[in-house]
1. Per the Kirkwood definition applied to all pairs of different Cα atoms, how many angstroms is the hydrodynamic radius of the protein assembly as shown?
2. Through the Karplus equation 6.51 cos²θ - 1.76 cosθ + 1.60, θ set to phi - 60°, convert the phi angles of region B:78-86 into ³J(HN,Hα) values in whole Hz; use x for Gly and Pro.
3. Of the beta bridges DSSP finds with both residues in region A:132-236, what % are antiparallel, to the nearest 5?
4. Quickly estimate the mean residue ellipticity at 222 nm for chain B, helices only: each DSSP H run with n ≥ 4 gives -39500 (n - 2.57), and the total goes over all residues, rounded to 500.
5. Taking the alpha-carbon distance from B:Lys9 and a cut-off under 16 Å, which lysines remain once sequence neighbours fewer than 8 residues away in the same chain are dropped?
6. How compact and how long is region A:132-236, expressed as Rg and Dmax of its alpha-carbon atoms in Å?
7. What Kirkwood hydrodynamic radius, in Å, does region A:69-135 give when the mean of 1/r is taken over all pairs of distinct Cα atoms and then inverted?
8. Of the DSSP beta bridges with both residues in chain B, give the percent that are antiparallel, rounding to the nearest 5.
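Each value in this text was obtained by applying a stated rule to the coordinates, not by laboratory testing. Keep in mind it's a predicted model, so treat the numbers as computed, not measured. Cβ placement follows ideal geometry from the backbone for every residue including glycine, while neighbour counts extend to all protein chains displayed.
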Amino acid sequence: MDEVFDVIIIGAGAAGLTAGIYSSRAKLSTLILNEGAVGGQMVLTEEIANYPGVESVKGYELANTMKMQAKNFGCKIKSNIKVSKYNFAGDVKEIELTDGRSFKGKSIILTPGGRPRSLNLEGEGVFKGKGISYCATCDGDFFTGKEVVVVGGGNSALEEAVALTKYATKVTIVHQFDHFQAFEHAIQEATKNPKIEFVMESELRGFYGNGQLQKVTIEHLPTGKISELKTDGTFIFVGYQPNTESLENLVQMNERKEIIVDAAMKTNLAGIFAAGDCINKRYRQVTTAVAEGTIAALSAAEYLRN
Amino acid sequence: MNYLRTALKEIETAKELEKYLSENENVMVCCGRMGPMCLPVYDVMEELEEQRTNVKFAVMGFDNPEAASIRNAPECRGFMGIPFTMYYKNGKIVQATSSIQSMQQVTSILDSKFGK
């Protein structure tokens, strides 16, 4: 007979792992199904310096600790799976994977997280790892003595642009608006850095090169004028999008494809909860994801008791 | 010296790499750091290690001086993103990739180079 888990969690980022820790510690049989790397957006952060109680920790270390905590409480984790179908009807819900396996759970916590947005431009796939990067910490040193472009205007873009000035001789930030969405301290750090130049109200239109990225084209949005910029590399930080495509028409979402939940992390369906970067919220921090994962697990436990 | 913390075999010296390649027909070596572009590839390899018994999986620290043969391989010329992932058949490089790779991208290379 198939095992029916008390809680199945979709996703192993900060919210999913926290939900896994809480539900498995509450002696609920718990399974985490994870499509990507364990840790989610946490592992994209070099250093986390604002996690209360921990002075400074590398993102992957925090993720690894959470994973071990969940496993030590008995939580099962299956990574690199791909869900093909959700069936949320009835008291026992079923999740089918593309490899033919299926898992049943009395309650489901959706924590699929988000992913960095790509620009979906001509040449983006071709030059990934050959000039296009999504991580300054990882790849910055390849661009020592070179000129790079950073795309975006949020905290990540400006902070990573400043970090890249350790290596690059010149960093050009291309941003679609005439102002930045980043926090003031990040804007000040970037604007006072002599190696950083700004191309505002502009968007990239294409990547070109011969085996390696050599230039990008940029459109100045108010005038429509297209110009070329020679560059050795482009770092893309244009925000995140929720990984909720496969849940569309199954649970209620807003226009940004974020899952709508109440204060108890309940969705519109009985026994289905959601937490982390996939839900309708303003602030996306490890601490908020952890809090929501906790609430979702406690709400799921309460649902199972009732 | 151990550079990486994964469940995969870590190769620490150039000699060890040479020996590993000479003893195994199909080898995938991911040369990276403990960062966001590398960890997903290690996760994929850990998952595949159980399923693909015809392939040997290992990692090597990108900052390990002994990994020079990977960093300087002609197949990696132009690579500007870690990890550098190498696929060897009978000791020869048959494919190399730069930066993060998905499960689908890795399995597609394994299928085409080493068979299913």
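1. After inverting the mean inverse Cα-Cα distance, the result is 22.7 Å.
2. Taking θ as phi minus 60°, the curve returns x, 5, 9, x, 8, x, 8, 10, 10 Hz for region B:78-86.
3. On the way: 13 of 28 bridges.
In region A:132-236, DSSP labels about 45 percent of beta bridges as antiparallel.
4. Estimated from H runs of four or more residues: -10000 deg cm²/dmol.
5. Correct list for B:Lys9: B:Lys19, B:Lys56.
6. According to the Cα coordinates of region A:132-236, Rg and Dmax are 12.8, 39 Å.
7. Evaluated on region A:69-135, it is 15.6 Å.
8. Among the beta bridges of chain B, antiparallel pairing accounts for roughly 60 percent.
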